[in-house]
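Working notes, structure below.
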Amino acid sequence: MKIESTRFGELEVAEEQLIHFSYGIPGFPEEKTFVHMGYDSESPFSYLQSTAEVNLTFLLADPFAFINDYEFVLEDYVAEELDLSLENPPQVFLIATVKGKLADMTVNLLAPVVVNGINRTGRQVILDKPEYSIRYKLFPDGLPKEAVKGGK
Amino acid sequence: MLALTRKIGERIVIGDNIVVTVVGIKGDSIRLAIEAPKEVKIYRGEIFDAIAAENKQAAISTDLSELDLLKELQIKK
């Protein structure tokens, strides 16, 4: 299928790239289907592009690439809704906020996006962990040196 | 919107399976007990609002060119 995106232009998207959010996500209750696009398999960053709203794109970060002890208990209702189990564990992403500089990027630890990669369903879960920040600075010491140098 | 006045110990029943009881009042704080099926998620209003507000902040503005740098970032999983 073809998807229009302001950021990425016209995208040819396979069914396996879609993630269905039955309840939308907080703030965007009507947005129920997103395309999940990675940079490449090595990068901890990826994008969610709404299939309906061309202007709506989120940057996601893999929490475990940055925060070693990030953890939460998946509540039963989420596991049931998304059909997750020990055999079929969730993928977990954090929604990142970039205002201006990349180095000042924050991620939302309190409300991870939990995805079943098999049946392609997801939900943004609000954790009962007041110690987790909604605006956690991903690079408290600035961008990693090798990153600043660039890839090529 | 429906507004109701309740006393301590009185309840409000919503639908067939949600019961809200006023447990206590202390100064300007009211303690509520809520019984609801586990699939009904209950949040303090300000937390849900904060998440929704942050999601709106996180929606990438279309003129943010800084993100192109991410491609160059050699951060590995």
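The values are calculated or read from the model by the stated rules, or taken from the named source; none is laboratory data. Because the structure is a prediction, the values reported are computed rather than measured. When we count neighbours, we look across all protein chains shown, and the Cβ atoms used for this are built from the backbone with ideal geometry, even at glycine.
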Test: residue in the range B:46-68 that is more than 21 Å from A:Thr106 (Cβ to Cβ), over 18 Å from the mean Cα position of the chain (by Cα) and of a type in the set (D, E, K, R): no
Of (1) more than 11 Å from every other protein chain (Cβ to nearest Cβ); (2) of a type outside the set (A, V, I, L, M); (3) touching a Pro at 6+ places or on another chain (Cβ under 6 Å), B:Asn55 satisfies every one except (1)
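Just to check your reading of the model, which residue among B:Lys41, B:Lys7 is closer than 30 Å to A:Gln49 by Cα and part of a loop (DSSP other than H, G, I, E, B)? Show your work before the answer.
On the way: B:Lys7 fails: closer than 30 Å to A:Gln49 by Cα.
One residue alone meets the criteria, B:Lys41.
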Within the range A:14-58, track down each residue that is aliphatic (A, V, I, L, M), facing another protein chain (nearest Cβ under 8 Å) and more than 12 Å from A:Val113 (Cα to Cα). A:Leu56
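I'm trying to understand the selection: among the residues of the range A:7-34, which are assigned to a loop (DSSP other than H, G, I, E, B) and on the phi < 0 side of the Ramachandran plot? If you could, list the steps in order and put the result at the bottom.
Residues of the range A:7-34 that are assigned to a loop (DSSP other than H, G, I, E, B), as a first pass: A:7-8, A:13-14, A:21-24, A:26-27, A:29-32.
Across the range A:7-34, the qualifying residues are A:Arg7, A:Phe8, A:Val13, A:Ala14, A:Phe21, A:Ser22, A:Tyr23, A:Pro26, A:Pro29, A:Glu30, A:Glu31, A:Lys32.
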Going through the range A:35-49 one residue at a time, which ones are touching a strand residue (DSSP E or B) at 6+ places or on another chain (Cβ under 8 Å) and assigned to a loop (DSSP other than H, G, I, E, B)? A:Tyr39, A:Pro44
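Residues are listed down the side, and each one gets a yes or a no for (1) modelled with pLDDT of 95 or more; (2) of a type outside the set (S, T, N, Q); (3) farther than 30 Å from A:Ala65 by Cβ:
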residue: B:Leu4; (1), (2), (3): no, yes, yes
residue: B:Ile18; (1), (2), (3): yes, yes, yes
residue: B:Pro37; (1), (2), (3): no, yes, yes
residue: B:Ile42; (1), (2), (3): no, yes, yes
residue: B:Ile51; (1), (2), (3): yes, yes, no
residue: B:Lys56; (1), (2), (3): yes, yes, no
residue: B:Leu64; (1), (2), (3): no, yes, no
residue: B:Glu72; (1), (2), (3): no, yes, no
Give the residues of the range A:123-147 that are outside any loop (DSSP other than H, G, I, E, B), over 24 Å from B:Tyr43 (Cα atoms) and either more than 9 Å from every other protein chain (Cβ to nearest Cβ) or modelled with pLDDT of 90 or more (or both), sorted by residue number. A:Lys137, A:Lys145
Here the residues within the range A:1-50 that are within 15 Å of A:Asp62 (Cβ to Cβ) and modelled with pLDDT under 90 are A:Gly38, A:Tyr39, A:Asp40, A:Ser41, A:Glu42, A:Ser43
Has the range A:114-122 got any residue that is more than 14 Å from every other protein chain (Cβ to nearest Cβ), without any contact (Cβ under 8 Å) to a residue 60 or more places away in the chain, buried (at least 16 other Cβ atoms within 10 Å of the Cβ) and over 15 Å from the mean Cα position of the chain (by Cα)? no
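Can you name every residue in the range A:8-36 that is touching a helix residue (DSSP H, G or I) at 6+ places or on another chain (Cβ under 8 Å) and crowded, with 17+ Cβ neighbours inside 10 Å? Let's see the steps before the verdict.
Residues of the range A:8-36 that are touching a helix residue (DSSP H, G or I) at 6+ places or on another chain (Cβ under 8 Å), as a first pass: A:22, A:25-28, A:35-36.
If the condition is that a residue be touching a helix residue (DSSP H, G or I) at 6+ places or on another chain (Cβ under 8 Å) and crowded, with 17+ Cβ neighbours inside 10 Å, then A:Ile25, A:Pro26, A:Gly27, A:Phe28, A:Val35, A:His36 are the ones that fit.
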For the range A:72-95, check the following and say yes or no: at least one residue is in a strand (DSSP E or B), modelled with pLDDT of 95 or more and within 9 Å of another protein chain (Cβ to nearest Cβ). yes
